[in-house]
Structures are given as structure tokens and as C-alpha cells.
Amino acid sequence: MTRQQRDGLLFVLLAATAYALLPILAKIIYADPALEPLDVLTWRFAFAAPAVWLALLVMRPAPPPPGFSRLKMGGMGVLFVCVAACAFFALQRVPASLYTALLYTYPAMVAILSAVLGERLPVRGWLALGLTLVGVLLTIPADSEAGAALADPVGGILFCLFNALLYAVYLIISGRILRPGAGQSSAAHTAVWSITGGLVALVVVAPLHGLSLPTQTSAWLALAALGVVSTVIPAFAMLAGVARLGAARASILSTSEPVMTVILALLFLQGESMTEVQVLGGVLILVSVVVLELRPAPAAPAAGD
């Protein structure tokens, strides 16, 4: 392994670990009865926006390329707010481990939406889709006792799946807006302006739903960590990892995230559990992600070429 590959591996694992902490931090925050999902969402972006601008000043990337639209990136931030809102509504209703397993249906949704938009879906895409569907069926609690243990099993699961769907839409639109090969500079500016756009949208709508202050010190600390550790750090770390390893290898390595979340949830959160069947369903969903990201090896050149 070269130094570049080792550094890329460390960056991707850092991003995966930071993202894995998000459901754990959300559960800690929800221990404060004063906070609702929209409060958590607003405070997350309130901490993340200054931090991401500070990171941009420290990194000093090259200016964005010609054609880069701050307005479009701000609009992407609004869509990202919707994605995050579904996540926090889901985490208010279901365990962190179940949320994470169902979130990883998004690669299959990306494949389906891409096929609907005219892109050819290869055989591995259909195989991954089948694995995902079976995994979802196994992951959803089937017996009444398991369902009763959830705050809102039907609503929570629907929010999980809608979160994955919106994230798939977000990724597809991002891929169409960002120019191929734009590099780390464009991606860094995209992160800054999308987070800023998300905060602006939340500030505009805050008077409609109000904004509650945390009443517990642990909630304040978890909100700050949510904004910085689970939003800003993974955004830049994943970009650094992709630059060193490529998108495909980085995506496969990032499948360590749900495994980390489940382990952390079982270790540090009360009431977190998964049956053997649910674990099998989660494994099938992860396998589907790896199948989607696998690429056939290029053919060896013929003699004399």
C-alpha cells in the first residue's frame, strides 16, 4: 500500500466514523425533552455553517471553476435540509441501528432513478436491487412485540425510506450540477455554499415553527458535535479520501459506517437491539452497496497492441 492509498484509507474511515456518530448524537440530543426534530436541524446547521467557513479559510482551496453557481449550491443546501429533516424525524421514532440499516437502501434507489432517467442499469444493479429489497423486508420488525418497542414503527420506517429516497435524489442532482473532474476545489466550495444555503432556509422558516433552546448541557455539547464532527469533518475528509482512492473504492470503504453505528448504538445507547434476522437484513443491504460499486476489471491488451 502506497502512502497515498494509506492516507486515503484513513480519510475515508475518519469520514465514516464521523457520520456513524450522527444517529448516536441525535439520540443523546433527544434525551432533552425541549427539543424537536426541526430544533435539532436548525442548531446543527447553526454550528456547521461557521465551522465550514473556517475550514475553507484554513484550507484555502483554489477559486471555484467558471460556471460554478452559488445559487444552485444554496438550493442544494435546501434539499439537503429536507434530507436531514427526514433523518431526525426517523431517529425520533426508531432505534439508531434500524435507521442506519434502512438508510443504506439509497444506493439501490440511485440506480433505479438513474434507470428511469434513461441510464442503462447493468446486471449488478438489478442484483443489488434484489438484495436491497430482501434486506429491507428482513430488517423491518415483523412481530408485534418488536414493533411495539418502537416509538412509531410505521412512521419511523417510512421516514427512514423517504430519507434514503431524498438522499438518492440529492446525489443524482449533485452529479448533474457539478462538472465531472471539477476536483476538490469545486467540491469544497459546494460543501460551504450548500451548508450555508441550508442555514439560510432554516432561519427563514424558523419564525413559523419556533426554535427551542436546549435545557441540558449534554444536548448543547451533542449539538455542537453534530454540526462540526458529523457534518463538516466528514464532508472534507470524504473529499480527501476520494481524491486519493477514487470514488468507487472510497464508496466501498464507507460501508463501514453502518457497522460502526450499530456497534456504537449497542454499546452506548439504552434500548438499542437488533434481532438476528434484522442483522442479516442489514448485511444484505451492505452487500448490495458493494455489488453496486464493483466494476469489472479492464481487459488486458492483446499481444502486439
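Taken together, the values in this text are just the output of simple stated rules run on the coordinates, not laboratory data. No experiment lies behind these values; they were computed from the predicted model shown. All Cβ positions, even for glycine, are placed from backbone atoms using ideal geometry, and neighbour counts span all protein chains on display.
Remarks
- As a calculated quantity, the FRET efficiency between ALA115 and VAL279 at R0 = 25 Å, using C-beta atoms, amounts to about 0.25.
- Estimated FRET transfer efficiency when R0 is 30 angstrom, pair GLN270-LEU137 (beta carbons, to 0.05): 0.65
- Estimated FRET transfer efficiency when R0 is 25 angstrom, pair VAL203-MET59 (beta carbons, to 0.05): 0.45
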